[in-house]
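The values are calculated or read from the model by the stated rules, or taken from the named source; none is laboratory data. Just so it is clear, the model here is predicted, and its values are computed rather than measured. Don't worry about glycine lacking a Cβ; one is built from the backbone with ideal geometry, like all the others, and counts go over all protein chains shown.
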Amino acid sequence: MKNNNHIFLVEDDANFGSVLKSYLEMNDFTVTWVQDGAKAFDTFLQQSFDICILDIMLPNMDGFSIAKIIKQKESEIPVIFLTAKTLKDDIIEGFKTGADDYITKPFDSDILLYKIKAILKRNYSNSENESLFIIGKYVFDSTLRVLKFENKSIRLSPKEGDLLKMLCANKNKMLTRDKALKQIWGDDGYFTARSMDVYITRLRKYLQNDPSIEIENIHGSGFILNIKET
């Protein structure tokens, strides 16, 4: 059974990429693998990922460039460079792009696995376990399930609260339908999916007093809580 952690793997070597993808999947990760640098960002935008593992020497766009544009879109997502480039300048450049780790080939697969788990655990602790969220002009206390705006407060239902918390923890990136449905409703069937759409409509109504907030529907895939900087 797969866990909820989705890895974005960008690696152009077909043999190495296939072996690494299989190894990570054997350890219960979901892996999306792309071999072409130019396709990487489009793929990143179409799905929701928990961590990126990037080679540097890629066709059409190098890993440093991919990391920079990923970080511009989603600054909090962890990035690991996994590469044959061992020069000090390359390592420094990797960390300048915001990488969480820089691992050179050849490497120990078990060490990579533990590093991934450690980074994800740290990242999860900093987002999913938060209880107080600032959403534009709103303050959301997920423990009390209270949404505050100016002098008004709205108490959310348990499912409304859980859904808003997941959207907040994934702010400005896509929360997939499957993840939300399985975690909150326990299944991803047709009727529960329609039920979730109703809850999304309610949340939009609750947040309508701040025009900088948008819950965007990514057709057939999920939702993004977009908050425009003012």
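Here are some notes:
- Residue check: ILE80 meets all listed conditions (1) on the phi < 0 side of the Ramachandran plot; (2) of a type outside the set (Lys, Arg); (3) out of contact with any strand residue (DSSP E or B) (no Cβ under 8 Å at 6 or more places or on another chain) but one, namely (3).
- Residues of segment 27-43 classified as under 15 Å from ILE66 (Cα atoms) and either at pLDDT 90 or above or surrounded by fewer than 16 Cβ atoms within 10 Å (Cβ to Cβ) (or both), total: 10
- In segment 194-230, the qualifying residues are those that are part of a loop (DSSP other than H, G, I, E, B) and within 21 Å of LYS152 (Cβ to Cβ), and the one that is farthest from the chain's Cα centre (by Cα) is ASN209.
- Output for segment 14-66, where each listed residue is touching a helix residue (DSSP H, G or I) at 6+ places or on another chain (Cβ under 9 Å) and among the charged types (D, E, K, R): ASP50, ASP55, ASP62
- Whichever residue in segment 137-176 is over 26 Å from PHE41 (Cα atoms), part of a loop (DSSP other than H, G, I, E, B) and of a type in the set (Lys, Arg) and, among such residues, is modelled with the lowest pLDDT: LYS137
- Any hit, segment 23-30, residues being touching a Lys or Arg at 6+ places or on another chain (Cβ under 6 Å), among the hydrophobic types (A, V, I, L, M, F, W, C) and part of a loop (DSSP other than H, G, I, E, B): no
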